[in-house]
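The values are calculated or read from the model by the stated rules, or taken from the named source; none is laboratory data. All of these numbers come straight from a predicted model, not from anything done at the bench. Every residue, glycine as well, gets a Cβ built from its backbone with ideal geometry; the counts of neighbours run over all protein chains shown. Only protein heavy atoms, including side chains, enter the accessible area calculation; ligands, DNA and RNA are left aside. Shrake-Rupley method; radii C 1.70, N 1.55, O 1.52, S 1.80 Å.
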Amino acid sequence: MDIKTNYLDLADGNRMPQEGFGLYKVDGQETMNASIKSAYDAGYRLFDTAQLYGNEQEVGTAFKELEIPRDQIFVTTKVAENNQGYDQAIASVKESLKKLQMDHVDLLLVHWPIERAFFETWRAFEDMKKAGLTHSIGVSNYQMIHLQYLATKAREMPVVDQIELHPLLTQKPLLKFNQDQQIVTQAWSPLGRGAVLGEEVLKRIADVHHKSPAQVILRWHLQNGVSFIPKSVHAARIQQNAAIYDFTLTDDEMAQIDALNKYQRTGREPELTYEYDKQY
Ligand code: A2P
């Protein structure tokens, strides 16, 4: 198995690469092209952007300029809070597709749960899937309570929930809930934005396997069965983050990493920010 061939099945019948490339804070056409080229060459096939990142145009241009065939990649974007609502969500996704220079995305996510237009936005997602604007629909930053509330009216449930997830925030109850509901959990900030890389435990495990702490964390995600989307703008790190398919963490090592959990977030707590304009 390697990054290129490693896919997860989604509940709607589609497939998604387990490891992807995060594009948050990858800015400027030159950096974008270089990062996407490094990632594609290293075998990444999932590329994760968002309306909020403000780089969809650059992402689309990079694929065009690098002549990467559309059918070789899996593209995710996310609808921003100010575009929630039935008509607004659809109009904003049409705008995103124009910028991305493609006729559909593979996965469309609601970027954040907010009370205003909670159900209307999801209804728009269901209809956009039917209309072919996206192959799969999902959510981001939804905690259990948001998913349970969504289930009271949804015609179909999200197949992916992208959440902040790393060794300092292991989210075990939500992972279990998502698994039981056939929702694939996807980790954003899988490396905790670097905050966790200096942990002694990780260094020790990394030395045993002749790997880096970042690779150990990504391998932990892989063995947890979740999807994950590390970001880097450095070619060597991009390659390093894809080179995690040739070693295995023991159960004991997995448990040692689990024990790092401190409920420590780099982002806001979604259950406390369930209203418009409080996310960042
Ligand atoms: P950079 O882009 O300068 O390489 P996360 O994905 O958790 O948000 O973390 C991304 C952060 O971790 C970025 O600041 C990125 O920096 C850094 N990073 C990514 N891969 C590695 C790696 N293999 N080793 C060290 N730092 C990394």
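Structure summary
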read-out: Test: Pro190 is within 16 Å of Leu260 (Cα to Cα) and open to solvent by 10 Å² or more (accessible area, probe 1.4 Å); value: no
read-out: Which listed residue is over 29 Å from Thr5 (Cβ atoms) and away from the ligand (no atom under 14 Å from the Cβ), from Val208, Val201; value: Val201
read-out: Any hit, the stretch 105-122, residues being of a type in the set (Val, Ile, Thr) and under 16 Å from the mean Cα position of the chain (by Cα); value: yes
read-out: Extreme residue, most open to solvent (accessible area, probe 1.4 Å), among residues of the stretch 218-236 that are within 12 Å of the ligand (Cβ to nearest atom) and among the β-branched types (Val, Ile, Thr); value: Val233
read-out: The lone exception for Glu115 - which of (1) more than 23 Å from Phe63 (Cα to Cα); (2) modelled with pLDDT of 95 or more it fails; value: (2)
read-out: Long-range neighbours under 9 Å by Cβ, at least six apart or interchain, first residue over 22 Å from Tyr245 (Cβ atoms) and among the polar types (S, T, N, Q) within the stretch 10-35, second open to solvent by 10 Å² or more (accessible area, probe 1.4 Å) and within 11 Å of the ligand (Cβ to nearest atom); value: Thr31/Val233
read-out: Failed item, numbered, when Thr266 is tested on (1) within 13 Å of the ligand (Cβ to nearest atom); (2) over 29 Å from Glu115 (Cβ atoms); value: (2)
